Amino acid sequence: MFYLRTAQPARGARNPFSILQRGDHMRARVRKAAIRKVTTKQLLPRLILWSDANFTGRRLSFRGNLGVRNLVDFNFNDVLSSFSFIGGANITLVLFADLNYQGQRRIFRGPIDLALLSNFNDVTTSFVMSRRRLSITEINRIQSRGAAPNNFAEVLKRR
């Protein structure tokens with residue numbers, strides 16, 4: 001189970017904390033910061049991570065505007081070796097070496113199938129993906145705040 005931060009609390013919810021379970025999806029309509037269980041109709045962008053080169057090994061899949069603060073929660077820390085990033089021409093993926101979007105980073109724009117993450121292999125701990133182009137200024141802001149943009153769903157931690 002995972003906590004997820006979005007920008008709008010669930011209607012009528014007394015407790016702003018709820019649990020996101022595997023298989024649940026995220027909703028994009030968000031306003032105020034809160035933590036809640038959400039769903040999404042966003043199909044793109046879609047990110048598929050593999051633990052080994054050439055799209056083999058363990059696999060994780062994500063979709064929509066999303067930030068994952070810590071891949072340890074998915075037992076996928078420092079194992080990313082290849083990935084597919086699917087969506088429109090302006091999609092952006094930012095991989096970070098440390099948790100909470102810190103450390104060295106690699107930026108990918110547009111759809112890409114990368115069979116070997118040669119200069120960042122087995123390094124990734126957190127990432128942000130967007131269906132629009134993120135500017136360098138926005139990416140710097142993500143790093144300085146240690147949080148995904150306000151209108152993004154964000155996996156915070158596993159319970």
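The values are calculated or read from the model by the stated rules, or taken from the named source; none is laboratory data. Computed from a predicted model, the values in this text were never measured in an experiment. Note: ideal-geometry Cβ built from the backbone for every residue, glycine included; neighbour counts use all protein chains shown. Each accessible area value is taken on the protein alone, full model and side chains, heavy atoms only, with ligands, DNA and RNA left out. Shrake-Rupley method; radii C 1.70, N 1.55, O 1.52, S 1.80 Å.
Counting just the residues of segment 34-59 that are assigned to a strand (DSSP E or B) and modelled with pLDDT under 95, which one comes out least open to solvent (accessible area, probe 1.4 Å)?
The qualifying residue least open to solvent (accessible area, probe 1.4 Å) is Ala34.
I'd like to verify a number: residues in segment 60-81 that are charged (D, E, K, R), closer than 12 Å to Leu99 by Cβ and buried (at least 18 other Cβ atoms within 10 Å of the Cβ), how many?
Here is the first cut: in segment 60-81, the ones charged (D, E, K, R) are 63, 69, 73, 78.
Now restrict to residues that are closer than 12 Å to Leu99 by Cβ: 69, 73, 78.
Okay, now just the ones that are also buried (at least 18 other Cβ atoms within 10 Å of the Cβ), so 69, 73.
So the answer is 2.
Surrounded by 15 or more Cβ atoms within 10 Å (Cβ to Cβ), in contact (Cβ under 8 Å) with a residue 12 or more places away in the chain and on the phi > 0 side of the Ramachandran plot: is that true of Gly87 in this structure? Before you say what the answer is, go through the steps one by one.
Working: surrounded by 15 or more Cβ atoms within 10 Å (Cβ to Cβ): yes; in contact (Cβ under 8 Å) with a residue 12 or more places away in the chain: yes; on the phi > 0 side of the Ramachandran plot: yes.
Answer is yes for this residue.
Yes or no, residue by residue, for (1) without any contact (Cβ under 8 Å) to a residue 12 or more places away in the chain; (2) touching a helix residue (DSSP H, G or I) at 6+ places or on another chain (Cβ under 8 Å); (3) open to solvent by 10 Å² or more (accessible area, probe 1.4 Å); (4) among the acidic types (Asp, Glu):
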{"site": "Leu95", "(1), (2), (3), (4)": "no, no, no, no"}
{"site": "Leu99", "(1), (2), (3), (4)": "no, yes, yes, no"}
{"site": "Phe108", "(1), (2), (3), (4)": "no, no, yes, no"}
{"site": "Ile112", "(1), (2), (3), (4)": "no, no, yes, no"}
{"site": "Asp122", "(1), (2), (3), (4)": "no, no, yes, yes"}
{"site": "Ser135", "(1), (2), (3), (4)": "yes, no, yes, no"}
{"site": "Ser144", "(1), (2), (3), (4)": "yes, no, yes, no"}
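Would you mind finding the one in Phe108, Phe76, Phe85, Phe62 that is touching a Gly at 6+ places or on another chain (Cβ under 9 Å) and either at pLDDT 90 or above or assigned to a helix (DSSP H, G or I) (or both)?
On the way: Phe108 fails: touching a Gly at 6+ places or on another chain (Cβ under 9 Å); Phe76 fails: touching a Gly at 6+ places or on another chain (Cβ under 9 Å); Phe62 fails: touching a Gly at 6+ places or on another chain (Cβ under 9 Å).
Checking each option against the conditions leaves just Phe85.
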